[in-house]
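Below is one structure, written out as structure tokens; comments come after it.
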Amino acid sequence: MKKLMPLLALAVTACGREPLHRELRDIPNLRLYVPQTSTEETAVLHFDWSMGGDCYRVPADTRLTINGEATEVWSRGDTHLSFDGAFSCEYPSFDGTLRPVDEPRTEFLLTEGRTKMRAVFQALRAPRRIRVNGQEQATLRSGAMFDIEWLPATDRLSQVDVDVKGGTDSQQVEAFLMDGNHVRITLPALKAGSYVLRVYGKGGAGVEACEGFSSCLAEFYEWIEVPIVIE
């Protein structure tokens with residue numbers, strides 16, 4: 001089974017070396033990363049790394065549960081040799097069953113020896129959607145300001161791109177303001193008619209708890225399309 005690209009750090013051209021065996025608490029700046037996936041619930045342990053730096057292997061008794069369900073240890077951490085002879089780190093990673101879309105809270109519990117690290121994400125696998133001026137299908141006026149509400153509201157958006165498409169006419173929306181899960185847009189000057197509003201959102205699921213890790217990120221990136229009518 002092929003793993004996602006985030007499992008690998010940047011390639012280095014220096015000679016490879018064996019990973020260092022370290023307890024969780026001794027790995028610098030340990031971060032929990034949960035990527036977007038459609039087949040498994042994957043969790044990856046990221047750590048500080050620089051060119052020529054050390055890779056790390058977690059202890060054999062390291063375990064991760066997700067809402068109490070055990071995961072498989074896919075990799076305890078290793079070095080990776082690419083086809084061109086460059087070395088990189090393979091991060092420790094775990095695979096479990098993909099979480100239900102209606103699960104409101106998802107707890108990741110990482111343990112090893114007496115060390116315990118915990119993260120709780122909100123609406124981890126909920127379908128992402130938007131409302132325009134509080135509606136699923138909105139009627140708007142050309143050149144007017146309107147509001148896009150990103151749902152679930154607990155999501156943390158880091159990037160948003162918006163465009164409007166209709167027939168052969170397509171315009172990127174340049175001027176907008178992000179405020180939490182709301183994006184306020186000024187509609188371009190367009191002819192009356194039916195259009196599709198396309199919103200690209202990148203960010204992370206809401207974090208209720210992040211204990212022991214330096215950061216916790218359950219990343220998503222979604223294109224959402226909704227029909228609109230411009231008067």
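The values are calculated or read from the model by the stated rules, or taken from the named source; none is laboratory data. Note that this is a predicted model, so its numbers are computed, not measured. Note that we place each Cβ from the backbone using ideal geometry, even for glycine, and neighbour counts take in every protein chain shown. Remember, those area values only see protein heavy atoms, side chains included, never the ligands or the DNA or RNA. Shrake-Rupley method; radii C 1.70, N 1.55, O 1.52, S 1.80 Å.
Computed quantities for the displayed model
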quantity	calculated
Qualifying residue in region 47-54 (condition: closer than 17 Å to E18 by Cβ, part of a strand (DSSP E or B) and modelled with pLDDT under 95)	no
Identity of the residue in region 21-79, touching a Phe, Trp or Tyr at 6+ places or on another chain (Cβ under 8 Å) and of a type in the set (D, E, K, R), that ends up nearest to E211 (Cα to Cα)	R31
Looking only at region 129-155, and only at residues there that are basic (K, R) and loosely packed, with under 15 Cβ neighbours inside 10 Å, the one that is farthest from K191 (Cα to Cα)	R129
Those residues of region 79-128 which are surrounded by 17 or more Cβ atoms within 10 Å (Cβ to Cβ), assigned to a strand (DSSP E or B) and charged (D, E, K, R), in sequence order	E90, D95, E112
Among the residues listed as E112, E149, the single one being closer than 28 Å to A209 by Cα and under 22 Å from the mean Cα position of the chain (by Cα)	E149
Residue list for region 167-188, restricted to those being farther than 29 Å from R105 by Cα, open to solvent by less than 20 Å² (accessible area, probe 1.4 Å) and not in a loop (DSSP other than H, G, I, E, B)	V173, I185
Where D48 falls short, out of the listed (1) within 19 Å of C216 (Cα to Cα); (2) surrounded by 18 or more Cβ atoms within 10 Å (Cβ to Cβ)	(2)
When residues of region 18-36 are limited to those that are in a loop (DSSP other than H, G, I, E, B) and open to solvent by 30 Å² or more (accessible area, probe 1.4 Å), the one nearest to T111 (Cα to Cα)	E23
Tabulated pairs, region 38-50, first free of Cβ contacts under 8 Å to residues at least 40 places away in the same chain and among the basic types (K, R), second assigned to a strand (DSSP E or B) and open to solvent by less than 30 Å² (accessible area, probe 1.4 Å), C-beta under 9 angstrom, 6+ apart or interchain	none
Any hit, region 160-171, residues being modelled with pLDDT of 90 or more, of a type in the set (A, V, I, L, M), out of contact with any Cys (no Cβ under 8 Å at 6 or more places or on another chain) and over 27 Å from L217 (Cβ atoms)	yes
